[in-house]
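Structure first, commentary second.
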Amino acid sequence: MANFRTIQYAIELDTGLIISKVRDQLLIPVLDFENMKPENNFQTNYDLQVFPLNTLVGIWHCYKWTKKIPKEIKNLHRIAWGMKPLK
């Protein structure tokens, strides 16, 4: 089989943050605490980081798996996975 990868998306039910899954890896937004400072009104920024699938053991039920994700967010995940963005 060719280098075919399918992305699956999920919404974390408590926070609304979106993760994605490709094969046995997850892409999870991680809050950048270090750059939350009074100078920038404690602005929140998230970095997408790769984790193994077993990261969700015991909390799988906290996520709703869906295809209904805004294209802008899908493209952030696609680029992070090394895929072309959607048009």
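Each reported figure results from applying straightforward, stated rules to the coordinates on display, with no laboratory input. The structure presented is a predicted model; accordingly, all values stated were derived computationally and were not measured. Because the Cβ atoms are built from the backbone with ideal geometry, glycine has one as well, and the counts that use them run over all protein chains shown.
Please identify which residues in segment 1-42 have an amide N closer than 17 Å to a label point set 7 Å out from the Cα of residue 84, following the Cα→Cβ vector.
3-7
Can you give me the relative contact order of segment 30-72 as a percent, contacts being Cα pairs under 8 Å and 6 or more apart?
Computed value for segment 30-72: 28 percent relative contact order.
Dividing the convex hull volume of the Cα atoms of the chain by its residue count, what figure in Å³ per residue is obtained?
132
For the pair residue 53 and residue 66, how long in nm is the line joining their label points, each one 7 Å along Cα→Cβ?
2.3
Defining a contact as two alpha carbons under 8 Å apart and six or more residues distant in sequence, what relative contact order in percent does the chain show?
Normalised by residue count, the contact order of the chain is 27 percent.
Taking 0.36 nm per intervening residue step and subtracting the Cα-Cα distance, what contour gain separates residue 13 from residue 33 on full extension?
Contour length minus the Cα-Cα distance gives 5.1 nm.
Quick check: residue separation of residue 44 and residue 6 times 0.36 nm, minus the Cα distance between them. What number comes out in nm?
10.8 nm
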